[in-house]
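K.L.:
After the structure tokens below, expect a handful of questions from me.
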Amino acid sequence: MAILAVMVTPGSAALASDADLQRALLDSGCAAPRIETMLERHGFVAYRANCLGTSHKVITIVCGKGRCSPSPSSDDRGRP
């Protein structure tokens, strides 16, 4: 079983469910992230996850009310 190591700034982790944040990261293919808090407002926290590994990418995950979900990347949104 792989061990997921997540670095989150102090205080911000309490605003999101750790398990849900990890689930959102894994669902996005981000197994070895470095996480920083981008914004905290009205009970919501936006994190930037720098996904290290073979396919480097940066994703944004928004957490609020104990749930976390990744924002669609530019590739997920499609291009006109």
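K.L.:
Take the Cα of residue 69, step 7 Å along the line toward its Cβ, and report every residue of the range 16-45 whose backbone nitrogen sits under 20 Å from that point.
P.N.:
Inside the label zone: 16-30, 38-45.
K.L.:
Counting only protein heavy atoms and a 1.4 Å probe, tell me what percentage of the range 16-55's accessible area is made up of carbon and sulfur. Kindly include the intermediate steps, with their values, before the conclusion.
P.N.:
Values: 1180 of 2310 Å².
Using a 1.4 Å probe with all protein chains present, the range 16-55 comes out at 51 percent carbon and sulfur.
K.L.:
Which order do the peptides 55-67, 26-38 come out in when sorted by mean C-beta neighbours inside 10 angstrom, highest first? Please list the in-between numbers first.
P.N.:
Working: 55-67: 14.6, 26-38: 16.8.
With the highest mean Cβ count within 10 Å placed first, the list reads 26-38, 55-67.
The values are calculated or read from the model by the stated rules, or taken from the named source; none is laboratory data. Fair warning: this is a prediction, and the values are worked out from it, not measured in the lab. Here the Cβ is made from the backbone with ideal geometry for all residues, glycine too, and neighbour counts use every protein chain on show. For accessibility, only protein heavy atoms count, side chains too; no ligands or nucleic acids. Shrake-Rupley method; radii C 1.70, N 1.55, O 1.52, S 1.80 Å.
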